[in-house]
Structures are given as C-alpha cells and as structure tokens.
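This report concerns only the one structure given below.
The values are calculated or read from the model by the stated rules, or taken from the named source; none is laboratory data. Keep in mind the model is a prediction, meaning the values are calculated, not measured. Using ideal geometry, Cβ is built from the backbone for each residue, glycine included, and neighbour counts are taken over all protein chains shown. Surface areas here come from the heavy atoms of the whole protein model, side chains and all, with no ligands, DNA or RNA. Shrake-Rupley method; radii C 1.70, N 1.55, O 1.52, S 1.80 Å.
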Amino acid sequence: MSENKNLLSFQLKTEDFEKASENEKQDLVVMRESVSFWKDGMRRLLRNKIAMVSLAVLVIIMLFAFVVPYFYPYTYKDQIRGSENLDPFEYSQEEMTRIENGESVFPHVLGTDNLGRDLAIRLMMGARVSLLVGIVASIIVLIIGSVYGAVSAYFGGFVDIIMMRIVDIIYTVPDILIIILLSVVLKHPLQSIADNVPGFDWINTIGVGLISIFIVFGLLYWVGMARMVRSQILTLKEQEYVTAARALGAGHGRIIRKHLLTNCIGTLIVITTLQIPSSIFTESFLSFLGLGVAAPMTSLGSMASDALEGITSYPHRLLAPAILISVIILTFNLFGDGLRDAFDPKLKD
Amino acid sequence: MTKYIIKRIALGLLTVFIVATLTFFLMRLVPGGPFLSEKTPSAATLKALEEKYHFNEPLSVQYRIYMENLVKGDFGVSMKRKGTTVNDIIAKGFPVSARIGGLSILISFCIGVPIGTYAAYKRGKFIDKIIMFFATCGIAVPSFVVSTILLIVFSGWLGWFPSFGLTTPLHYVMPVTALCVYPTAYISRLMRSSMLDVLGQDYMRTAKAKGVGQFSSLFKHALRNSILPVVTYLGPLLAYTVVGSFVIEKIFNIPGLGRDFISSITSRDYPVIMGTTVFLALLLVAINVVVDIVYKIIDPRIKLK
C-alpha cells in the first residue's frame with residue numbers, strides 16, 4: 001500500500017481492521033500442551049546420557065543377578081568333586097573325559113573355588129544378595145523416614161520438638177558400631193527362633209547377619225530421610241490446597257498421604273535411590289568382616305573376604321566381586337544423581 | 001554461645017549414655033551369658049566367674065556397677081585374653097590406629113581441598129571433568145576393594161611395599177592410601193560444589209572489579225568461605241576412618257584397635273566388644289561436638305539457636 005502523504009491523516013492501514021484469519025488466531029494461542037511433573041522429569045532424565053548408560057548397566061547386572069541363574073547349569077552351593085581351584089575356562093580331569101566322549105560341558109567362566117563351586121554363579125548370587133539388601137533396606141528407610149518426617153512436620157509444635165530431638169540423638173549414634181553389636185548379639189536369639197518356631201525357617205536362608213542389618217537400617221538410617229521430608233513438608237503444609245483439603249473435612253492421615261507426601265515424591269525417589277548404594281556399601285563391608293549372610297549363601301563382600309586367603313595365587317577371585325561391587329555402587333550413584341537433576345534439582349548442593 | 005556449647009555437650013553425653021546402656025543390655029541378651037563358649041566350664045568355675053563379673057547380682061546392680069566403672073574410666077577385663085584389661089587393649093591399639101587414621105585424614109584434606117578448588121576454577125573444562133570422573137569413581141569403591149587391589153599390585157606383582165605389619169614408614173603407604181581414597185574423593189567433590197557456589201557470589205565480582213589478582217581472590221576470598229562445609233565433614237570423615245580402620249587393619253594385619261575389635265567379635269570376647277564400642281562412641285561424639293562448636297566459632301554468619 002502506498003504511503004499516505006497527508007500529514008493530517010491518522011496513518012491507519014485498512015488491513016489492520018480486517019477479520020483475523022484462522023492462522024492468525026492460532027498464533028495468538030499461547031497455551032501449549034501441559035507438561036506433567038513426570039513427563040518433564042522423564043524428558044530431562046532421558047536426555048542425561050550418563051544416567052541412561054548407568055541405567056542400562058544396572059539393568060544388565062540385574063538380569064545377571066535375577067534371571068540368568070535360573071538357566072545356569074551350576075548352582076551356587078553345588079560342590080563339584082574333582083574340579084576344585086580351577087582357573088577361568090579350565091576343565092577338570094573328569095570334565096575333560098566327558099568332553100572327549102562328546103558331551104558338552106558348560107565352561108567355568110570364572111573358574112571354581114576351593115570347594116569346587118562355580119564362581120560365576122556365585123558372583124551372580126552375590127550380586128543378587130547385595131542388590132536385594134540395598135533395595136529392601138532403602139524401602140525400609142523410605143517408609144519409616146517419610147512417615148516420621150511427615151508426622152513431625154505436619155503436627156509441628158511440641159510433637160515436632162520431641163520427635164526432632166529423638167532424631168538428633170539417633171543421628172549422633174555411631175551406626176556401624178551398633179550394627180556390629182546387634183549382629184553379634186542377635187545371632188543366638190534369631191537362630192533359636194529359626195530352629196524352634198515353625199514358619200521362621202526363612203531366617204536361616206537369609207542369614208542372621210542380614211536381618212540385623214535390616215533391623216539397624218530400620219532403627220537408625222531413616223533419620224536423614226526424616227529430616228529431608230520434614231523440611232519439605234514444613235513449607236508444603238502452608239499451601240492453600242492443604243487448607244482447602246482441611247476445610248473439606250479431610251483427616252490428618254489423608255492430608256499427609258494424599259497431599260503432602262505425594263507432593264514431595266521427587267525428593268522421596270531421589271533420596272531412596274541414593275540410599276541404595278550406601279546400603280550396599282554397608283552390607284559389603286559387614287560381609288567382608290564376616291558379619292553378613294550365612295554360608296553357603298554368599299554376597300559380594302563375603303566372596304571378597306573368602307578370596308583374601310588365596311590372594312597371590314588366585315587374584316581373579318578377589319578382583320571379580322571387587323570390580324562388580326564398585327560398578328554397582330558407581331552406577332547407582334550416577335543414576336541417582338541423574339534422577340536428582342531431573343526430578344529435584346533443588347536438592348543439589 | 002555458652003548456652004549452645006553446654007547444650008551440645010549435654011546432647012553428646014546423652015548419646016554416649018544411650019550407647020553405653022544399649023551396649024550393656026544387648027550384651028545381656030546373649031543366651032547363656034558371655035561365658036558360653038566351645039568348651040563349657042565346670043559349675044565351680046562358672047560360679048567363680050559369675051562372682052568375679054557380678055553376674056549373680058540382679059541386673060540393676062550389674063548395670064550400676066558397669067556405669068560406675070565407665071565413669072571412672074574402667075572399661076572392663078578381657079575374658080579370652082587372661083589378665084588383660086580393655087584399657088590395656090585400647091592403650092596399646094588406639095595410638096597405632098590413631099596414627100594411621102590421623103595421617104589419612106590429613107592427607108585427604110591436603111589433596112582433596114586443592115583438587116576441588118582447581119576443578120571449580122576450571123569448571124566445565126576437560127581437567128574438571130577428569131577430576132570429577134576420578135572423584136566419582138573414588139566414592140564408589142569400598143576401602144576393602146582398594147586395599148586388596150593395592151595388595152595384589154604393589155605387594156604381589158611389583159613387591160614394592162610390605163603386605164602386613166607396621167614397623168617401617170614403608171608399611172604405612174598402602175594402609176593410609178587405602179583409607180584415604182574415599183575421603184579424598186568426597187572432599188574434592190564437596191570442595192568443588194561449595195567453591196562454585198562462592199565463585200558466583202557478588203563479593204567475588206567486587207574483588208575482581210577492584211583489581212584483586214586471580215590467585216589472591218581465589219585463595220583469600222573464595223577458599224576461606226568455601227572451606228566451611230568441608231570442616232563440617234570432619235565428623236562423618238572421622239566415623240568413616242574409624243570404621244574403615246576395622247577393614248584396613250584386618251587386611252594389612254596391623255596391631256591396632258580395629259583389628260582387636262574385629263578379633264574380639266570373632267572370639268566373642270564380650271567385655272572387649274562392649275568396652276571398645278563405648279570408647280569409640282565416646283571418641284566420635286566428642287569430636288563431633290568439637291567440630292560443631294568450632295564451626296560456629298569460625299563462621300559468625302551462622303545463627304546460634
């Protein structure tokens with residue numbers, strides 16, 4: 001359109017007063033598809049390469065720990081006569097003759113130990129025990145810590161003061177010392193329960209040491225979680241939706257469960273994941289000192305401890321569990337960091 | 001301030017009291033009492049033993065005697081090693097453990113702090129990534145893994161360092177290294193993140209604007225402020241070192257308190273377990289109290305509650 005030379009004109013363009021086309025209408029809509037908390041977090045998590053690689057490694061380790069043993073031709077407690085102290089991929093005399101007769105013998109990928117037990121399957125079972133300990137212990141911590149912290153923060157006042165004093169005291173108790181003490185002390189009572197009371201045979205399979213580890217995690221380790229949850233809920237409980245829920249007649253339990261804990265789910269997930277490697281750490285440490293699972297069951301720590309005697313002649317027996325446990329702890333740490341960056345960046349210090 | 005110190009010390013004493021009480025009653029839970037062993041002693045011996053250790057008295061009296069002895073600093077008598085008191089064991093083993101532990105804490109501070117500072121200074125660069133990669137790995141490796149790998153490589157294959165005992169300075173190298181891998185890695189990560197925090201502060205920009213040199217701004221302004229979280233880590237670090245010493249002293253066969261503690265567990269020498277636990281708890285709690293108080297003194301910005 002040509003310029004209007006008339007200086008007294010308003011300089012208006014006639015196009016500006018036409019009805020908007022559909023395209024122009026669409027451009028004005030600023031609302032995008034809403035991104036939920038989970039979608040947003042997952043998108044950030046999927047973009048984090050280190051976390052995804054760690055997750056893949058963890059999945060592979062879990063497959064080896066939980067699935068592969070069912071298809072493996074050896075078991076963790078079978079003592080194969082004549083094939084003691086084999087090197088990796090070495091066959092015993094007897095197995096050699098079987099191979100010559102046309103039978104196929106599955107190789108001992110990591111060799112065997114001094115009792116003729118296949119080390120590869122023991123490594124898998126050890127990894128299974130370590131992973132289970134980490135996960136179960138973290139769930140115990142999650143349940144006790146979140147409920148305790150939430151109750152303390154929600155009721156506030158005198159309840160809060162008393163509950164947090166208890167946390168302060170537990171926080172200063174040296175936990176490993178108490179774990180060691182408990183596993184020493186609980187050995188006999190738990191053993192007699194397992195032997196005499198019907199329905200408690202499972203104690204023998206898990207081992208007294210492991211149960212005392214769980215008990216101590218339940219008694220002592222939740223305090224960090226409780227503090228975190230408390231500080232989150234102290235701010236959350238001032239939000240309007242809590243007042244609204246209360247006005248609508250929701251009980252304390254319902255508000256804590258449905259409104260407060262669900263709103264700090266990010267923190268809960270992150271702390272629980274980061275708790276897993278530290279539980280595995282503690283378990284391997286105790287097993288290494290001989291306070292963990294009961295033989296013939298094994299864990300990565302007790303495998304390393306067993307291998308200590310023949311360290312110069314059979315270093316691979318020690319290196320295999322040592323490397324595996326480091327990899328498990330490392331990948332859990334890295335994955336937990338990724339989760340934290342994705343779901344709860346505020347936690348990063 | 002005085003009120004805070006008194007409160008902190010009272011809380012510490014309460015913790016030690018709880019640990020001591022817990023230890024006492026847990027040990028009494030063991031069925032058959034602490035004399036239960038492979039060979040059952042005769043009735044007369046048992047009676048004499050019970051008399052000697054006051055086991056024939058009611059529990060409340062036993063508890064009172066135990067507590068009185070603890071307050072006097074008497075941790076009891078070993079049952080398996082004849083004529084040795086727990087105080088003897090602590091007096092003999094603790095200096096050895098303290099030397100190794102103290103050395104490793106010192107080294108991990110001396111390495112961790114500069115490395116973390118440097119990584120923060122070069123943030124995002126290649127060198128920062130390398131340092132953080134090793135620090136992340138260092139946190140994931142348990143001390144028994146480090147020490148056994150050191151044993152295999154430096155003692156088994158290369159033969160540079162002796163594998164057990166603690167007589168020459170060379171003996172210290174491997175245990176101390178094994179014990180300080182985790183704290184060094186942890187401190188450097190802590191130092192890096194706290195340094196990054198400080199480097200973004202306004203006063204750092206002010207320092208730069210008024211022409212303070214890079215070196216001086218980093219070490220005078222930034223380091224002093226960012227080292228505070230590392231100071232608070234001293235408490236957990238000490239706990240880690242005490243616990244780590246159990247493993248290290250077992251592997252390297254060092255005659256320290258940690259090895260004695262572990263061997264007392266395997267031989268079920270209950271008075272030694274009890275005494276050592278209470279002693280270590282006392283040590284840890286005391287150091288934690290001191291660290292907390294020092295922290296408040298060196299950082300006046302922290303409000304005293």
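Quick look at the numbers
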| quantity | calculated |
| --- | --- |
| Number of the condition not met by B:Q201 [criteria: (1) within 14 Å of chain A (Cβ to nearest Cβ); (2) of a type outside the set (K, R); (3) open to solvent by 20 Å² or more (accessible area, probe 1.4 Å)] | (1) |
| Some residue of the range A:26-39 being among the polar types (S, T, N, Q), in a loop (DSSP other than H, G, I, E, B), modelled with pLDDT of 80 or more and open to solvent by less than 100 Å² (accessible area, probe 1.4 Å) | no |
| Neighbours by Cβ (under 6 Å, 6+ apart or cross-chain): first from the range B:1-28, over 15 Å from B:I287 (Cβ atoms); second open to solvent by 70 Å² or more (accessible area, probe 1.4 Å) | B:Y4/B:L304 |
| Residue in the range A:195-214 that is outside any helix (DSSP H, G or I), within 14 Å of chain B (Cβ to nearest Cβ) and either of a type in the set (V, I, T) or in contact with a Ser or Thr (Cβ under 6 Å, 6 or more places away or on another chain) (or both) present | no |
| Residue check for B:L190: more than 18 Å from the chain's Cα centre (by Cα), touching a residue at least 40 places away in the same chain (Cβ under 8 Å), within 12 Å of another protein chain (Cβ to nearest Cβ) and at negative phi | yes |
| Residue match in the range A:313-327 (condition: assigned to a loop (DSSP other than H, G, I, E, B) and either of a type in the set (K, R) or at pLDDT below 85 (or both)) | yes |
| Selection within the range B:156-191 - open to solvent by 30 Å² or more (accessible area, probe 1.4 Å), in a helix (DSSP H, G or I) and within 29 Å of B:I131 (Cβ to Cβ) | B:W157, B:P169, B:L170, B:Y172, B:V173, B:T177, B:V181, B:Y182, B:Y186, B:R189, B:L190 |
| Residue ID - farthest from the other protein chains (Cβ to nearest Cβ), chosen from residues in the range A:165-184 that are of a type in the set (D, E, K, R) and over 11 Å from A:V216 (Cβ atoms) | A:R165 |
| Test result for B:P169, touching a helix residue (DSSP H, G or I) at 6+ places or on another chain (Cβ under 9 Å) and more than 30 Å from A:G336 (Cα to Cα) | no |
| Check on B:I65, touching a Phe, Trp or Tyr at 6+ places or on another chain (Cβ under 8 Å) and without any contact (Cβ under 8 Å) to a residue 60 or more places away in the chain | no |
| When residues of the range A:134-175 are limited to those that are among the small types (G, A, S) and within 29 Å of A:I280 (Cβ to Cβ), the one farthest from the chain's Cα centre (by Cα) | A:S152 |
| Of the criteria (1) open to solvent by less than 30 Å² (accessible area, probe 1.4 Å); (2) within 14 Å of another protein chain (Cβ to nearest Cβ), which one A:K187 fails | (1) |
| Residues located in the range A:308-348, provided they are more than 26 Å from the chain's Cα centre (by Cα) and under 20 Å from A:T282 (Cβ atoms) | A:L308 |
| Scope the range A:303-312; condition assigned to a helix (DSSP H, G or I) and more than 9 Å from chain B (Cβ to nearest Cβ); matching residues | A:M303, A:D306 |
| Residue within the range B:278-295 that is of a type in the set (V, I, T), under 13 Å from the mean Cα position of the chain (by Cα) and within 30 Å of B:M174 (Cβ to Cβ) present | yes |
| Criterion (in contact with a Phe, Trp or Tyr (Cβ under 9 Å, 6 or more places away or on another chain), hydrophobic (A, V, I, L, M, F, W, C) and touching a residue at least 40 places away in the same chain (Cβ under 8 Å)) met by exactly one of A:F285, A:F281 | A:F285 |
| Selection status of B:I251, open to solvent by less than 10 Å² (accessible area, probe 1.4 Å), in contact (Cβ under 8 Å) with a residue 40 or more places away in the chain, within 11 Å of chain A (Cβ to nearest Cβ) and in contact with a helix residue (DSSP H, G or I) (Cβ under 6 Å, 6 or more places away or on another chain) | no |
| Residue match in the range A:155-167 (condition: in contact with a Leu (Cβ under 8 Å, 6 or more places away or on another chain) and either crowded, with 19+ Cβ neighbours inside 10 Å or assigned to a helix (DSSP H, G or I) (or both)) | no |
| Where B:Y203 falls short, out of the listed (1) within 28 Å of B:G138 (Cβ to Cβ); (2) aromatic (F, W, Y); (3) without any contact (Cβ under 8 Å) to a residue 24 or more places away in the chain | (1) |
| Enumeration of residues in the range A:250-302 that are within 14 Å of chain B (Cβ to nearest Cβ), farther than 30 Å from A:D341 by Cβ, out of contact with any helix residue (DSSP H, G or I) (no Cβ under 6 Å at 6 or more places or on another chain) and in a helix (DSSP H, G or I) | A:L286 |
| Test: residue in the range B:92-113 that is within 14 Å of chain A (Cβ to nearest Cβ), open to solvent by 10 Å² or more (accessible area, probe 1.4 Å), over 26 Å from A:F332 (Cα atoms) and of a type in the set (F, W, Y) | no |
| Condition met for A:F17 (outside the structural domain of A:N263 (by TED's automatic domain parsing) and at pLDDT 70 or above) | yes |
| Yes/no for A:G149 being at pLDDT 85 or above and more than 15 Å from B:L26 (Cβ to Cβ) | yes |
| Filter result for B:A10 (within 14 Å of another protein chain (Cβ to nearest Cβ), loosely packed, with under 13 Cβ neighbours inside 10 Å and modelled with pLDDT of 80 or more) | yes |
| Which numbered condition A:L210 fails, given (1) in contact with a helix residue (DSSP H, G or I) (Cβ under 6 Å, 6 or more places away or on another chain); (2) under 24 Å from A:R128 (Cα atoms) | (1) |
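Yes or no, residue by residue, for (1) without any contact (Cβ under 8 Å) to a residue 40 or more places away in the chain; (2) within 11 Å of chain A (Cβ to nearest Cβ); (3) in a helix (DSSP H, G or I); (4) open to solvent by less than 40 Å² (accessible area, probe 1.4 Å):
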{"site": "B:P229", "(1), (2), (3), (4)": "yes, yes, yes, no"}
{"site": "B:L237", "(1), (2), (3), (4)": "no, no, yes, yes"}
{"site": "B:G244", "(1), (2), (3), (4)": "no, yes, yes, yes"}
{"site": "B:S263", "(1), (2), (3), (4)": "yes, yes, yes, no"}
{"site": "B:V272", "(1), (2), (3), (4)": "no, no, yes, yes"}
{"site": "B:G275", "(1), (2), (3), (4)": "no, no, yes, yes"}
{"site": "B:F279", "(1), (2), (3), (4)": "no, yes, yes, yes"}
{"site": "B:V285", "(1), (2), (3), (4)": "no, yes, yes, yes"}
{"site": "B:V289", "(1), (2), (3), (4)": "no, yes, yes, yes"}
